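Take a look at the structure set out below.
The values are calculated or read from the model by the stated rules, or taken from the named source; none is laboratory data. Small disclaimer: the values here were computed from a predicted structure and weren't measured. Cβ atoms come from the backbone with ideal geometry, glycine included; neighbour counts cover every protein chain shown.
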Amino acid sequence: MNLMFDFVKIGEVPKTSWSSEKALNFKPKLITLAALIIGLFLFGLGEALLVTSQMGVSPWTALAQGLSNVTGSGLGLATFIISVFVLLLWIPLKQRPGIGTILNAIIISLTLHYAIPFMPIFEQNILRISQAILGVFVTGLGGGIYLIANLGPGARDGLMTGMQRITNFPIAWVRGSIEIMVLTVGWLLGGVIGLGTIIFALGIGPCLAISLTIFGSSKSKSNH
């Protein structure tokens, strides 16, 4: 594959020899489960890098901040409400959960909790911006790995794959459009938007697509 061009065009999540045949699989192959865990760990690590860059939160957190401002609820409750709403959108999109849907919340949360204290804190803006960019890339890298494992996406990634299937647009465009809309609504509701928020919104789609292109290049024999 020519990475420079193919990542822009990639549509559905590729299937490889280590992908699960179906999302609702309670006895996955060891390599599939390992890919899921590694991908989710990298996803959480990337978000930890973004948080500690102090350049702004992700668009979804900005949306939660905005909802919290409007409703007077705490940030945690606002995040929960948004997650439930996104999961309800899975119904018309015909998305199916799996063990990855549950492990998504657990592993990413644990990674954030334990990784943030070890993340570097820079004072120079150029280093903080670089850390934010690295965080977005690592998040996208992990997202591609765990999605290819096909054991069920997290709430927001499920929204992305469902929308891609309906629109047939490239994943990079679908994810980027969702993040920009979320960022805009969050900002209108009073959420805090920083440079890192904008970097995430514009960069997560292409980074995720690059990861899917790299790790999805080895097709499973069943797909030939």
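Quick look at the numbers
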{"quantity": "Residue under evaluation G216, criteria (1) of a type outside the set (S, T, Y); (2) over 12 Å from the mean Cα position of the chain (by Cα); (3) surrounded by 20 or more Cβ atoms within 10 Å (Cβ to Cβ); (4) closer than 25 Å to Q65 by Cβ, criterion not met", "calculated": "(4)"}
{"quantity": "Every residue from region 110-132 that is within 23 Å of L33 (Cα to Cα) and exposed (fewer than 13 other Cβ atoms within 10 Å of the Cβ)", "calculated": "H113, Y114"}
{"quantity": "Subset of region 16-64 [modelled with pLDDT under 90, part of a helix (DSSP H, G or I) and over 22 Å from S130 (Cα atoms)]", "calculated": "none"}
{"quantity": "Qualifying residue in region 133-156 (condition: free of Cβ contacts under 8 Å to residues at least 40 places away in the same chain and hydrophobic (A, V, I, L, M, F, W, C))", "calculated": "no"}
{"quantity": "Some residue of region 100-108 being loosely packed, with under 13 Cβ neighbours inside 10 Å and out of contact with any strand residue (DSSP E or B) (no Cβ under 7 Å at 6 or more places or on another chain)", "calculated": "yes"}
{"quantity": "Subset of region 12-46 that is among the small types (G, A, S) and within 20 Å of the chain's Cα centre (by Cα) - its residue that is surrounded by the most Cβ atoms within 10 Å (Cβ to Cβ)", "calculated": "G46"}
{"quantity": "Selection count, region 189-215, where residues are outside any helix (DSSP H, G or I) and under 18 Å from I10 (Cα atoms)", "calculated": "0"}
{"quantity": "The one condition in (1) at pLDDT below 95; (2) more than 23 Å from P28 (Cα to Cα) that A155 fails to fulfil", "calculated": "(2)"}
{"quantity": "Test for G186: is it part of a helix (DSSP H, G or I), crowded, with 24+ Cβ neighbours inside 10 Å and modelled with pLDDT under 95", "calculated": "yes"}
{"quantity": "Leading residue by the ranking (farthest from the chain's Cα centre (by Cα)) among those in region 76-99 that are part of a helix (DSSP H, G or I), of a type in the set (G, A, S) and surrounded by 15 or more Cβ atoms within 10 Å (Cβ to Cβ)", "calculated": "A78"}
{"quantity": "Matching entry among I145, I204, I210, I178 (being under 20 Å from K94 (Cβ atoms) and either crowded, with 22+ Cβ neighbours inside 10 Å or under 14 Å from the mean Cα position of the chain (by Cα) (or both))", "calculated": "I178"}
{"quantity": "Every residue from region 103-132 that is free of Cβ contacts under 8 Å to residues at least 24 places away in the same chain and more than 16 Å from S53 (Cβ to Cβ)", "calculated": "I106, H113, Y114"}
